[in-house]
There are 2 protein chains.
Amino acid sequence: MEVVRKHAFTPQWAAQSLRIRRTHTIGFAVPNLTNGFFGQIAMTIDAHFRQARYGTLICFTAKDYRGEVESLRSLLSKDVDGIIFAPSGCGGGHFQDLPQLAEKPLVLIDNHCEGLDGWYVLHDNCYGMKLLADHLLERGSRRIAFVGGPLQESSAAERLEGYRQALRAHGLEPEEAMIRVADWDQVNGGYQATTDLLSQQRGRVDAVLYGNSQLLLGGYKAIHGLGLRMPADLAVAGFDPPYVIDSLVPRPTSLGKVEEEIGLTAARLLQELIAGGKPASGREIRIRSDLLIGGSS
Amino acid sequence: MEVVRKHAFTPQWAAQSLRIRRTHTIGFAVPNLTNGFFGQIAMTIDAHFRQARYGTLICFTAKDYRGEVESLRSLLSKDVDGIIFAPSGCGGGHFQDLPQLAEKPLVLIDNHCEGLDGWYVLHDNCYGMKLLADHLLERGSRRIAFVGGPLQESSAAERLEGYRQALRAHGLEPEEAMIRVADWDQVNGGYQATTDLLSQQRGRVDAVLYGNSQLLLGGYKAIHGLGLRMPADLAVAGFDPPYVIDSLVPRPTSLGKVEEEIGLTAARLLQELIAGGKPASGREIRIRSDLLIGGSS
DNA sequence: TTGAAAGCGCTAACAT
DNA sequence: ATGTTAGCGCTTTCAA
């Protein structure tokens, strides 16, 4: 033991893995790290697993089903002990090509994935969007438009559903003409959708709800461009808080951050699965966040 | 071979690593992934190494020297074949505790690291800041203030140096009172520094140069809050482009993106080092980007 | 309590 | 061209 300490001996990891049949590595498959959302989650996951001397192998899915299968295959080929996967709702049923996946501890986050069973950690999208819509309704908005993400992503579909439920609960019938679907990974999607919406429905809109922070940022640009004032001419709220929330004028109303909670919950769940435990929670855990009212509404 | 294909056989990675003494894994040690900058770099690196069937082990350094040493130790203990490390300029000389590091292919990015020799891929900070300062000077600004990051980060120090050189080249002597150093990882640093600067130097400042995009975002908030108009009252430019550049009003003047180029250059360099080659480039590669003039100046 | 040995799955060197 | 075997560094079992 003295000699061990003296020479700073560390077990060789490949040999150890081979013997104990554990690589002490988890895989994190994620569509992108450009906007900080998954980055924060990655940091939380890594921080959690580091304590258990696990490494985090990161892998980008390129946001198409081919890329997702390829990423998972790549993680499996590296014999990770478990996987956290953020699917992008693009086509399901193609995961049967990965028979090893069925036996691997698997936690999915952010979106549902058709034909892939595992444990889920998801935002409570419907609840959150209802919170936002209720807030707009309570402040007096009646003609609320919605700009959301592509409906094949379950998170986008659930957010739209929350919007619809909130309107109906207030005796309003959601109108298709007030709903826009856009590419919610880029600011430009929100810009286009907002410009389009406000030109078609000129004067008929008194508030806009955005499905995520990218869309809201695009919306801000469009609204500023049209010379409209928030919240006087138009009340605005978005689902998740932009990381630049502090420098936007006016500060947008949104929900609170959930990255840490999603990351930590997923990491703990995966660790329990790897240890062979039976998690007490259901197969699906929903994370809720509360309303942060800003100057935009 | 038919049987191999039929059963979709994949060599077991731990056994293979043990035998060939290569893990086919590289490590990426990075201070954070919250703002997309390192996220983009990570994606580029992973995309490059994926072709060579290498996995990317990611590791967060927590931005203090203790955390950095700990992260590198953790990567070394996993026997990665090479490391890409983004140091944060916090204290040097503590890396002697890691004797294995000396023999490991190592590429450093973004900042210099005292007492750690490896190959560097860095932004040409001095050149870039000169480009920005020259632009402001040419448009007629004479009282240009500078809000930058902590000087222990070489990138921050070099940017400040570029600012000074540009002023001197135009016959102006940089004044200490016009220079602020702030925590450039958070928007609030730029907000505080700008507020402070503009209240102390009221009327004496006609332009502000920001050391990075976080600082610039904070500056925007402060400038909007004071009711100043860009560029009429104050011309503004920042070093790197905020990822929300498209939704800021006015669009900020900044340099172009370098994430892909830094990531790809570092990845190629590391791959060559791992292969045992002698890179043709020098020990230090500088990436330049050009000026993107926006409405803020 | 301490020591010896088998074997995890693979690759490379060697023998046929 | 094909088949056989030693051994990578570790853990675990079994023996002294």
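The values are calculated or read from the model by the stated rules, or taken from the named source; none is laboratory data. Worth saying up front: this structure is predicted, and the values here are computed from it rather than measured. Cβ atoms come from the backbone with ideal geometry, glycine included; neighbour counts cover every protein chain shown.
The table below lists the values:
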{"item": "Among (1) on the phi > 0 side of the Ramachandran plot; (2) within 16 Å of DNA strand D (Cβ to nearest atom); (3) modelled with pLDDT under 95, the one test that A:His24 misses", "result": "(3)"}
{"item": "Scan of region B:226-240 for residues that are at pLDDT 95 or above, part of a loop (DSSP other than H, G, I, E, B) and either at positive phi or in contact with a Pro (Cβ under 8 Å, 6 or more places away or on another chain) (or both), ordered by number", "result": "B:Met230, B:Pro231"}
{"item": "Tabulated pairs, region A:247-265, first more than 29 Å from A:Ala235 (Cα to Cα), second at pLDDT below 95, C-beta under 8 angstrom, 6+ apart or interchain", "result": "none"}
{"item": "Conditions (1) surrounded by fewer than 21 Cβ atoms within 10 Å (Cβ to Cβ); (2) away from DNA strand D (no atom under 16 Å from the Cβ); (3) in a loop (DSSP other than H, G, I, E, B); number of the one not met by A:Asn111", "result": "(1)"}
{"item": "Residue list for region B:50-82, restricted to those being crowded, with 24+ Cβ neighbours inside 10 Å, of a type in the set (A, V, I, L, M, F, W, C) and in contact (Cβ under 8 Å) with a residue 40 or more places away in the chain", "result": "B:Leu72, B:Leu75, B:Val80"}
{"item": "Tabulated pairs, region B:121-149, first more than 30 Å from B:Ile45 (Cβ to Cβ), second in a loop (DSSP other than H, G, I, E, B) and among the acidic types (Asp, Glu), C-beta under 8 angstrom, 6+ apart or interchain", "result": "B:Ser141/B:Asp206; B:Arg142/B:Asp206; B:Arg143/B:Asp206; B:Ile144/B:Asp206"}
{"item": "Test for A:Gly55: is it at pLDDT 95 or above, within 8 Å of another protein chain (Cβ to nearest Cβ) and under 20 Å from the mean Cα position of the chain (by Cα)", "result": "no"}
{"item": "Subset of region B:132-159 (residues that are in contact with a strand residue (DSSP E or B) (Cβ under 8 Å, 6 or more places away or on another chain), surrounded by 20 or more Cβ atoms within 10 Å (Cβ to Cβ) and either among the charged types (D, E, K, R) or farther than 19 Å from B:Met178 by Cβ (or both))", "result": "B:Ser155, B:Arg159"}
{"item": "Test: A:Lys104 is at pLDDT 90 or above, within 29 Å of A:Gly277 (Cβ to Cβ) and basic (Lys, Arg)", "result": "yes"}
{"item": "Selected residue [at pLDDT 95 or above, surrounded by 22 or more Cβ atoms within 10 Å (Cβ to Cβ) and part of a strand (DSSP E or B)] from A:Leu209, A:Leu197, A:Leu216", "result": "A:Leu209"}
{"item": "Every residue from region B:85-120 that is polar (S, T, N, Q) and under 16 Å from B:Glu158 (Cα atoms)", "result": "B:Ser88, B:Asn111"}
{"item": "Sole exception among (1) in contact with a His (Cβ under 7 Å, 6 or more places away or on another chain); (2) in a strand (DSSP E or B) for A:Leu122, by number", "result": "(1)"}
{"item": "In region B:180-230, residue farthest from the other protein chains (Cβ to nearest Cβ) [restricted to those that are of a type in the set (Lys, Arg) and free of Cβ contacts under 8 Å to residues at least 12 places away in the same chain]", "result": "B:Arg202"}
{"item": "Check on A:Ala156, in contact with a Lys or Arg (Cβ under 9 Å, 6 or more places away or on another chain) and not assigned by TED's automatic domain parsing to the domain that holds A:Thr44", "result": "no"}
{"item": "Number of the condition not met by A:Asn32 [criteria: (1) surrounded by fewer than 23 Cβ atoms within 10 Å (Cβ to Cβ); (2) touching a Gly at 6+ places or on another chain (Cβ under 8 Å); (3) farther than 25 Å from B:Asn35 by Cα; (4) not acidic (Asp, Glu)]", "result": "(3)"}
{"item": "Of the criteria (1) more than 7 Å from chain B (Cβ to nearest Cβ); (2) aliphatic (A, V, I, L, M); (3) in contact with a strand residue (DSSP E or B) (Cβ under 9 Å, 6 or more places away or on another chain), which one A:Ala8 fails", "result": "(3)"}
{"item": "Odd one out for B:Gly140 among (1) within 26 Å of the chain's Cα centre (by Cα); (2) more than 30 Å from B:Gly115 (Cα to Cα)", "result": "(1)"}
